[in-house]
Amino acid sequence: MLIKHAEGYKHVKCFGLYGTYDDALEWLKTPEIEAKPKTILWLGSSLGNFKRHEVPPFLAGFGAVLQTGDTMLIGIDSCKDPERVYHAYNDRGGVTHKFILNGLKHANALMGEEAFDIQDWEAIGEYDEQAGRHHAFVAPRKDTVVDGVHIKQGERVRVEESYKYSREEAKELWELAKLAENVVWANSKGDYGLHFVSKPAMFFPTKPEEYAANPVPSLTEWRELWTAWDAVTKDMIPEEELLSKPIKLRNECIFYLGHIPTFLDIHIARATDGKPSDPAYFWKIFERGVDPDVEDPTQCHAHSEVPESWPPLETILKFQETVRQKVEALYTSGEAESNGRMSRALWIGFEHEAMHLETLLYMLIQSDKVLPPPGTKLPDFSAFAAQSETLATANEWFTIPEADIDIGLEDPENDFETKRYFGWDNERPHRSAHVKSFRAKARPITNGEYATYLSKTGKTAIPASWCEQPYSNAKDLTTGKRDSVVNGHHEGVNASPQSITEGKFVRTVYGTVPLKFVMGWPVVASYDELAGCAHWMGGRIPTMEEARSIYSYVDSMKPEFESSLGNRIPAVNGHLINEGVFETPPSRALSNGDSGAVSSLNPRNLFVDLEGTNVGFKHWHPVSVVEKGNKLCGQSDLGGVWEWTSTVLEKHDGFEPMELYPGYTADFFDGKHNVTLGGSWATHPRIAGRKTFVNWYQRNYPYVWAGARIVSDV
Ligand SMILES: [Fe+2]
């Protein structure tokens, strides 16, 4: 039929391949096919016929033979309404049952005998609510023998299972299969969707056992980070823009290209012979960037001298390569792990690079020259909007119980012997806090709510994440819907009053998106802006301790994690924690981070499971949170933005500046910075997932990718 349809097309040829899925995999690996850009179509929801645990490795198998940017269009049933599903498979006309029994006719033909007497068999369908699947059986109406096998009257023989995937389960599938979701085209009820997924340029895992297996990042983790860094610096900044400053208060873009390898080189040198890589003068100009006071830019912490002109790009990239090779050699020699000083130096360099990756991106997004990320497809924002509108629920209040929470970790900087996870100076030492009960909204304030706030209060200043002039640099990306997205002429979704959204756009790395398509995204704005909105909405922004208490509470509600990666001793109904120390029943104290007393290397003690969250480049933009209204959002689960807190960054009891980087936090104890927690879509999982990590920004800094949720006293 397809071949028939393709006749008459000039550029499309269609031909059939006869074989199994495994044959298809082999065919995809042939050199002439492998090199071509591909889209694999899988429209019939047949993934639903696999067992749940079989789907991710199956998809990942295809992902492995695809090239970066190749895509798959996958149909998935999402309906979990027992009535609807039952009647879909057990129609009143009996067509599906006839279809199932027809299978027995085919069996007879294959077996060359009347093994099944169709008259004696019936088809049975059942929806299994718990497993979210329909299963179909055949059963004989009387005792019978098939090919020597006795089958009792009514005994069920399973012939088909059809699993249904909720929106969240579908997202989990892509995550486990290491694919990126670009868009979902769904019916109005959202119970059938075509998911357009692609193989991303890089992929950061979401399970603590994978993203933080060891205190010092592995070479594989480094390479993934370098891929991300190169994607941003080499593909997203037009070369002529390298000398521009998308944010006037910060350095030119090119500074950061030199700063990252220089900072790493300095720390590697401090842990070894102290010698800089060539050219040595890079240490003078690239050690530290600027981040001045927003109100008075003449006030700035110490930073490197800014040269008359920056070195040529070529020289900087050569230096970067030299330092990367140094890192590779440290892993080859084993020094990265065996030398405690070096482990810490590499960890510092790694997290520093990961942090700059994000800050560079939020600088770039302020420029209308930023190019779209390589290996991605332009998301269909209007289709995403339609879907989130279908699934939206009211933003509920949750009562967070009174709790004692842990903050921070023990990580003495000069102890190079004990193997343990590292933390920045502001994460140390371990301490605890008592947090009273309070109420918290499930999810953060959205663009839609912020637009309403502006409109109702007559305010005209829009957040820096919005703009009033559309632009696009996604010229070479195609989804066919680009014009409607970028120009904003699409109608039909988000029935908000036109005046609120008219002429307003949200900045993304793909150019601007009309505000009306991203009404469900968390609004990205400064603390001062969001505090005003929170007050108007009848609440306030939580303190750092309250936010952590929310995260602990959410964590404690999650089902116990059963590691398939760790060792478990059979026949013991206990839970392995603390590297072999048994505890039955398992303790689930409300804990943020290592207790400090036990230096355990169980990553789950210090890192949260990030599955289903929008961090670590799952998307290159925030995602809608309106579907999360009935579910309290935990750490890094705010749709791809940091969470503002009302806590001012200040020196806490026991704070000691890092010897290796004394100004890291201490330079910002000026009373003007507030703590943010969690992570954005561009935050590395090691940072977004660490329970003790602290970030901070000036309260009026407009560019940071942070949002806020509302809390109130009980
Ligand atoms: Fe830096």
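Whether any residue in region 209-226 is within 16 Å of the ligand (Cβ to nearest atom) and more than 18 Å from S367 (Cα to Cα) is what I want to check.
So far as region 209-226 goes, yes, one or more of its residues are within 16 Å of the ligand (Cβ to nearest atom) and more than 18 Å from S367 (Cα to Cα).
Using beta carbons and a limit of 7 Å, which pairs, at least six apart or on different chains, have the first residue in region 99-119 and farther than 15 Å from G148 by Cα and the second one among the basic types (K, R)?
I118/K105
All but one of (1) surrounded by fewer than 13 Cβ atoms within 10 Å (Cβ to Cβ); (2) among the charged types (D, E, K, R); (3) modelled with pLDDT of 95 or more hold for K475; which doesn't?
(3)
Can you find, within region 246-283, the residue that is modelled with the highest pLDDT among those that are part of a loop (DSSP other than H, G, I, E, B) and within 16 Å of the ligand (Cβ to nearest atom)?
E252
For residues that are over 29 Å from A186 (Cβ atoms) and β-branched (V, I, T), tally how many sit in region 375-433.
5
Quick one: how many residues across region 658-714 are more than 21 Å from Y551 (Cβ to Cβ), assigned to a loop (DSSP other than H, G, I, E, B) and either over 22 Å from the mean Cα position of the chain (by Cα) or of a type in the set (A, V, I, L, M, F, W, C) (or both)?
Final tally of qualifying residues: 15.
Out of region 327-369, which residues are within 16 Å of the ligand (Cβ to nearest atom) and hydroxyl-bearing (S, T, Y)?
Scanning region 327-369 gives T359, Y362.
What is the residue count in region 668-713 for residues that are under 17 Å from P542 (Cβ atoms) and free of Cβ contacts under 8 Å to residues at least 40 places away in the same chain?
Qualifying residue count, region 668-713: 2.
Specify which of the listed residues (F319, F350) is modelled with pLDDT of 95 or more and touching a His at 6+ places or on another chain (Cβ under 9 Å).
Only one candidate passes the filter, namely F350.
Criterion first (more than 31 Å from the chain's Cα centre (by Cα) and either more than 16 Å from the ligand (Cβ to nearest atom) or polar (S, T, N, Q) (or both)) does E396 satisfy it?
When the stated conditions are applied, E396 does not pass them.
Can you tell me which of (1) more than 14 Å from the ligand (Cβ to nearest atom); (2) at pLDDT 90 or above; (3) not in a loop (DSSP other than H, G, I, E, B) is the one E240 doesn't meet?
Every listed condition holds for E240 apart from (2).
Counting only residues that are modelled with pLDDT under 85 and within 13 Å of the ligand (Cβ to nearest atom), which one in region 284-303 is surrounded by the fewest Cβ atoms within 10 Å (Cβ to Cβ)?
Top of the filtered list is A302.
The values are calculated or read from the model by the stated rules, or taken from the named source; none is laboratory data. Values in this document were obtained by computation on a predicted structure and should not be read as measured data. So basically every Cβ, Gly included, is an ideal-geometry build from the backbone, and we count neighbours across all protein chains shown.
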